[in-house]
Amino acid sequence: MVALCGVVAGFGLRRWKGLRHVNFTITLTICFMLFVLGLSVGENRLIVDNLWTYGGQALMICIAAMTGSALGGWLIWHFVIGKEKEEKA
């Protein structure tokens, strides 16, 4: 609901020149939030002590997600887009 309100406000104010700096402000805000998240992770003794375990699990999830995305993309290309190109040729 909040995002929808933002979309409506952004659409209504799209010609206002003050909105040109919103992207830069959003980038700074996200960087600050990531820094504060890093501070909270760094002070949590449980996370720091088990960082290799959590990092290994995160690495396996990342590799599995990338492999699945690549496989899914190849399957779509092979069975959907490739057949459309063959039919046009």
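The values are calculated or read from the model by the stated rules, or taken from the named source; none is laboratory data. Because the structure is predicted, anything quoted here is derived from the model rather than measured. Virtual Cβ from ideal backbone geometry, glycine too; neighbours counted across all protein chains shown. Calculation scope for accessible area: heavy atoms of the full protein, side chains included, ligands and nucleic acids excluded. Shrake-Rupley method; radii C 1.70, N 1.55, O 1.52, S 1.80 Å.
Of note:
- For V48, the stated conditions do not hold, so it cannot be described as loosely packed, with under 10 Cβ neighbours inside 10 Å, modelled with pLDDT under 95 and of a type in the set (A, V, I, L, M).
- Failed item in (1) open to solvent by 100 Å² or more (accessible area, probe 1.4 Å); (2) under 19 Å from the mean Cα position of the chain (by Cα), with R15 passing the rest: (2)
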